[in-house]
Amino acid sequence: MSRNLESTFAASLGNGQISPVFLAQITFRSQTCFVWSGVGSLVWNGNTFLGVGSLGKVGQITEGVEVKADGTTLTLSGIDPTYQGECLTDILTGAPAKIWFGNLFHGQFVGTPYLLFRGTVDQPTFSVGGETISITLALENKMVDLQRPTMRRYTSADQHLQFPDDTAFGWVEQLSDQALIFG
């Protein structure tokens, strides 16, 4: 499948002198966090991404020809267990999350990083091991909403919940009781 890659970035994929990196943006209750797969700080797109190095992991990102919601995961390990309670209260399910793939050459981006995944945060899982814990955030694609039933109805009352002055559905309830003869 063809991608909408910037030409400089696409050309750099075949270059042997690059360093591939992942960048992630995750929204929590307290703040929006920007992290990347390297060490130290990295500034891109007006945001400072904090490096998590080998403590961070991006799950498999898949796509196919079928219409289905493929999610992924983000894992951060090496967390002090005393922060587990704070982590539980700060994680906001349904919050936006993004993952980019980029190439670095001498600490500078070659072209513009490619947006690999855009979705929302789902339920976290915690793994306790030794003196640290790992948190894995499940990220869901927006297409997962296609699997959820809609709770909206074609009634005047339901339409007024979102648009109080709209009278478009005012006659719908009367139509269900009316016998119409055609021809």
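Quick note: the coordinates plus some simple rules give every number you see, no bench work behind them. No experiment lies behind these values; they were computed from the predicted model shown. As a convention, Cβ positions derive from the backbone with ideal geometry for all residues, glycine included, and neighbour counts pool all protein chains shown.
What the table shows:
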item	result
Segment 20-47 - residue that is among the β-branched types (Val, Ile, Thr) and in a strand (DSSP E or B) and, of those, nearest to Thr72 (Cα to Cα)	Ile26
Residue among Val110, Val52, Val21 that alone is in contact with a helix residue (DSSP H, G or I) (Cβ under 6 Å, 6 or more places away or on another chain) and on the phi < 0 side of the Ramachandran plot	Val110
Selection status of Thr150, part of a loop (DSSP other than H, G, I, E, B), touching a Phe, Trp or Tyr at 6+ places or on another chain (Cβ under 9 Å), more than 18 Å from Leu74 (Cβ to Cβ) and of a type in the set (Val, Ile, Thr)	no
Residue within segment 114-122 that is crowded, with 16+ Cβ neighbours inside 10 Å, part of a loop (DSSP other than H, G, I, E, B) and among the aliphatic types (A, V, I, L, M) present	no
Options Thr167, Thr93: the member that is among the β-branched types (Val, Ile, Thr), under 15 Å from the mean Cα position of the chain (by Cα), surrounded by fewer than 16 Cβ atoms within 10 Å (Cβ to Cβ) and part of a loop (DSSP other than H, G, I, E, B)	Thr93
Pairs with Cβ under 7 Å, 6+ apart, first in segment 165-183 and under 16 Å from Tyr154 (Cα atoms), second part of a loop (DSSP other than H, G, I, E, B) and of a type in the set (Phe, Trp, Tyr)	Phe169/Tyr154; Val172/Tyr154
Filter result (among the charged types (D, E, K, R) and under 21 Å from Thr48 (Cβ atoms)) within segment 85-137	Asp90, Lys98, Arg118
